[in-house]
Amino acid sequence: MKTENNLQSSYQIIVGGWYPRTQLHMVEVYKFLSEGDSELELSKQKLKEFHKALNIRKVTKEPGEIEYVKAETNNNLIIKYFEDGLYILKTTSNDIDGAQKKLGEYIHNVFEPAISYIFSLGAPIPKILAGLKTPHPPITTVIGVTSKNLKDFIVDKEKFGEVYDQSFSNEMAVFRMNKCILIVASSAKKDLIEDVTHQQIFFREFDAQLKSYLNIHRLIWEKIAAIKKKKEISAKEAGVFRDELDGYQETINLINNRLNQMKVYVGTRAKAAKANQVDKYLTNLFQYEFETLLDTHEYIRELWQMTKDYVASAIQLIVEVKNQSTERSIQTLKLITIAYALVVIWFYLNEAPRFSVTSMIAYGLLIALAWLVNSLVNFISRRQKYQLKFRRGTPTKEEEH
C-alpha cells in the first residue's frame, strides 16, 4: 500500500466462508470448542485430538442480530461461528502475507478438519457433489484497514491484484479483487469493518455456491440429453440407464432442497445489514446486492425444477421400455407353458403313463427344452431394441431456458 494512503491502523486479516446451518449446529460447535466433546456418536479420542490441535484459550456465546460462538486461540486468532453457518477467522498484523499464511494453515489443517468431523454424520453426498462435500466451501479473504485519505485511496495492484468492482461512500470503501476483498474505513467507522466483512463473505460465498449449482445443472442436463438423443435402446441398456438416472434424481432432489433452504438466509443477513450504522448510500447498495442474490437464486432454483421434471420424464420412458420387455417375456413364457402342457397331454393320450427311464428322460428333455427356449427368448428380449419417444420441443441447453 502506498504512503499517500495515510493508514491509521494495522491490517485486519479475515478469512471465512458460509454454508447453510442453524442454531442447532452452532450449539454443537460451541460444545465442541468449549469442551472438546459432542453429543453425537463420534470418536471421543478424535474429538480430543481435534480440540487439542485448535489450541483454544477461551470460548463464549455472543448475542446479536445473528448469534455466534466466539473462540480465542493461544496464538492470537479469533474464531466466530454464526448460527446461520457463516464463520470467520481473524488476526491483526502489518504483515499481510505472513498473516494470510498463518490463517490459511490453521483453517485448512486444523479448523476445517475439526468442523468437518463434527458434521460428518448424516445422509451420504452423491458423487457429483464431490466438490461441495465439505461442510464449508473455499474460504474468502477480507483485509480491513482505516485511512485518513479515503477518497484518494490507491489500491496496490501488486499486493492485492486488479480491482474488478468497488463501492465508495464518505466513510467507507469496498474494493473487490479475485484474490481478496479490501475494506477501507475512516477511523470513526473502524468498528464496522468486521460487520461489512460478514456481508461481503456472505455475498461471495452465496454467489459461489449458486455458480457451482449452475455448473452441476449443466453437467446433469447434458448427461440426460445424451440418453434422450438415443433413438432406441435394449432392455439390458434400460437397466443401466435407469440406475444412472436414479443417481441424477438423487442429486437433483438434494440440490433442490438446499436451494429452498438458502433463500431464508438472504433475508436474515439483509436484516442484520440494515442494523449496521453504515451510511445510507452503502446500506442501499448492500440491500441491492441482497436483492440481486435473490434474483439469481430464483433463476437457479427454476433451472433445477426444470431439471427435476426432465429427469422424471426420462425415467418414465425407461420404465416403459422395461415394462415392454417384461410384458413380452411374460407372453413368451405363456406360449411356452401352453406348448409344454399340450405336449404332456399328447403323451398321456397316446400311451399310458409309465414311470420308466425312457419317459423320465423324455420329460427331462421337455423341461430342458422349455428352459432353453425361455432363456433364448430372454436373451433376445434383453437385446431387442425399443424406441425412445421423447416429447419434441424439450430444451436441451441452459441458454434455451
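Every read-out reported here was derived from the displayed coordinates using simple, explicitly stated rules and does not represent laboratory data. Given the structure is predicted, the values throughout are model-derived calculations rather than measurements. Quick reminder, even Gly has a Cβ in these numbers, built from the backbone with ideal geometry, and neighbours come from all protein chains shown.
Quick notes on this structure:
- Looking at the stretch 54-124, the pairs of alpha carbons with a distance over 16 Å make up 55% of the total.
- Cβ crowding within 10 Å averaged over residues, with 140-147, 292-299, 269-276 ranked highest first: 140-147, 269-276, 292-299
- When you count the other C-beta atoms within 10 angstrom of each residue and take the mean per peptide, 152-164, 251-263 line up highest first as 251-263, 152-164.
- Long pairs among Lys90/Lys179; Lys52/Lys102; Lys159/Lys190; Lys90/Lys189; Lys157/Lys211; Lys48/Lys263, criterion Cα-Cα beyond 24 Å: Lys157/Lys211; Lys48/Lys263
- Rg(Cα)/(2.2 N^0.38 Å) for the stretch 185-318, N = residue count: 1.47
- Dipole of the stretch 252-314, positive direction: furthest Cα of Gln287, Thr268, Ile255, with charges on the beta-carbon: Thr268
- Summarising the amide proton neighbourhood of Asp37: residues at separation of 5 or more, or on other chains, whose placed amide H is nearer than 5 Å comprise Phe32.
- Spin-label model, Val240 to Ile154: label points 7 Å out along the Cα-to-beta-carbon direction sit 6.4 nm apart.
- Taken about its Cα centre, the stretch 167-254 carries a charge dipole of about 480 debye when Lys and Arg each add +1 at the Cβ and Asp and Glu each add -1 at the Cβ.
- Asn178 versus His108: modelled label distance in nm, points set 7 Å from Cα along the beta carbon direction: 1.8
- Placing R0 at 22 angstrom, the Cβ-Cβ distance between Asn253 and Lys211 gives a FRET efficiency of 0.60 after rounding to 0.05.
- Fully extending the segment from Thr283 to Thr60 would add 77.3 nm, taking 0.36 nm per residue of separation and subtracting the current Cα-Cα distance.
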